[in-house]
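These notes are about the structure you will find just below.
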Amino acid sequence: MSALPLTFAEFYPRYLRDHQQRGTRVLHFVGTSLFLVGAVAALVLLKPVLLLWGVVAAYGLAWVGHFFVEHNRPATFQHPWFSLRGDFKLYFDLWRGRERF
């Protein structure tokens, strides 16, 4: 990723290009699922550490996908908020069948 995009609409096509490999998408999907499980469990069980566990799982798996499958740098380093939004957009688009693994 180079120049700072002005909008999420400008960012997201680049985000998808950085997430082309099936393995990267699967790792992101599993990581985001674990984050959501951790967030819900933290709320239900009143154990905030589970939220931290979810964040570590999500970023850990996503970064494995980037470094070892996609062979690129995660967008998180340059565009953390757009990247987070992109993660959730891709996640729900995969669920809905709008994107493929």
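Rule-based calculations on the coordinates, nothing more; no lab input. Every value quoted in this text rests on a predicted model; they were computed, and no experiment measured them. Backbone-built Cβ (ideal geometry, glycine too); neighbour counts: all protein chains shown.
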Who wins for biggest fluctuation among 27, 46, 16 in a Gaussian network model of the chain, springs between alpha carbons below 10 Å?
46
Considering only 40, 7, 83, whose Cα is most displaced toward the positive end of the charge dipole of the chain, charges sitting on Cβ of Lys, Arg (+1) and Asp, Glu (-1)?
40
Per the helix-only model, the chain has a calculated mean residue ellipticity at 222 nm (DSSP H runs of ≥4, -39500 (n - 2.57) each, divided over all residues, rounded to the nearest 500) of -22000 deg cm²/dmol
Integer Hz, Karplus 6.51/-1.76/1.60 couplings in order for the stretch 32-38, x for Gly and Pro
5, 4, 5, 4, 5, 4, x
Which of 41, 58, 75 fluctuates most in a GNM of the chain (C-alpha springs under 10 Å)? That residue is 41
Once you put a point 7 Å from the Cα of residue 10 and another 7 Å from the Cα of residue 88, both along the Cβ direction, what distance in nm separates them?
2.2
Against the longest alpha carbon principal axis of the chain, how many degrees, from 0 to 90 and to the nearest 10, is the axis of helix 80-96 turned?
80
Add +1 for every Lys or Arg and -1 for every Asp or Glu among the other residues with Cβ under 15 Å from the Cβ of residue 79, and state the total.
+2
